[in-house]
Amino acid sequence: MKILNFKIKNSSRGYSVLELLFYVSFFAVFSLLVIQAMVTMAKSFREASIQSELAQGGVIMERITREIRQAYGINSISASGLKLDTTDANDVNKTVEFLLSGSNVQFLENDVLTGNLNGANIVVTGLTFTEITTVKGKAVKVTLTIRSGNDSLARLQNFYNTIVLRGGY
């Protein structure tokens, strides 16, 4: 009698349902981690951009400070405007003016607008000038308040300075 020897082949040519569920769940978790990392990076970039825009208020304040420090007299002053008498590099008399117009700080030389000191994404919410006169000279107190146009929280950044005019010390 001959014994037939049958071998059953266990050839797996595909994935079982359990393997498929494992791979799909692994891919889903990995995808969520990658998406979360991208969202965190985007928020960090947005926050860094907003902080950079707010720091530009210091540049505006520095320009105002430099012009006041170089001036020899105050032509006119109001709560939101300052016109100074000064000279250019060739010692020719000129006037410079800072004026809050809407949400922009305008810079004028000899009554001609040369441009805004703030960029498009910087909103100036307050600019005040106060004249200080003493026996020894004159100074100007400047208060500048800005916010970023991209900030959904509408955070404000304040800058303060008191500047003595040239020859006023």
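The numbers here are math on the coordinates, done by the rules we state, and not lab data. Since the model is a prediction, treat every value here as computed from it, not as a measurement. For neighbour counting, all protein chains shown are included, and Cβ atoms are generated from backbone atoms with ideal geometry for every residue, glycine included.
Might you report the magnitude of the Cβ-based charge dipole of region 18-164 about its Cα centre, with Lys and Arg at +1 and Asp and Glu at -1, to the nearest 20 debye?
Details: 12 positive and 13 negative charges, 78 e Å.
Dipole size: approximately 380 debye.
List the relative contact order of the chain as a percent without decimals, with contacts defined as Cα pairs under 8 Å and 6+ residues apart.
Worked out over the chain, it gives 17 percent.
Using only the alpha carbon atoms of region 76-169, find the Kirkwood hydrodynamic radius as the inverse mean reciprocal pair distance, in angstroms to one decimal.
So the Kirkwood estimate lands at 14.6 Å.
Using only the alpha carbons, work out the radius of gyration and Dmax of the chain in angstrom.
Over the chain's Cα set, Rg and Dmax evaluate to 33.0, 132 Å.
Just from its helices, what would the mean residue ellipticity at 222 nm be for the chain, if runs of 4 or more DSSP H residues each count -39500 (n - 2.57) and the sum is divided by every residue, rounded to the nearest 500 deg cm²/dmol? Intermediate results must be reported in sequence, preceding the final value.
Values: 1 runs with 54 residues, N = 169.
So the helix-based figure for the chain works out to -12000 deg cm²/dmol.
Quick check on the exposure proxy: order V29, V124, V17, V105 from fewest to most C-beta atoms within 10 angstrom.
Placing the least packed residue first, the sequence is V17, V29, V124, V105.
Keeping to pairs on different chains or 8 or more places apart, tell me how many lysine pairs in the chain have Cα atoms under 29 Å apart.
Details: K83/K94; K83/K136; K83/K138; K83/K141; K94/K136; K94/K138; K94/K141.
The result is 7.
Rounded to whole Hz and in sequence order, give me ³J(HN,Hα) for region 85-102 from the Karplus expression 6.51 cos²θ - 1.76 cosθ + 1.60, θ = phi - 60°, writing x for Gly and Pro.
9, 8, 10, 8, 5, 9, 6, 8, 4, 8, 10, 10, 9, 10, 9, 7, 10, x
How much net charge surrounds D151 when only other residues with a Cβ under 12 Å from its Cβ are counted (Lys, Arg +1; Asp, Glu -1)?
Charge balance in the 12 Å sphere: +1.
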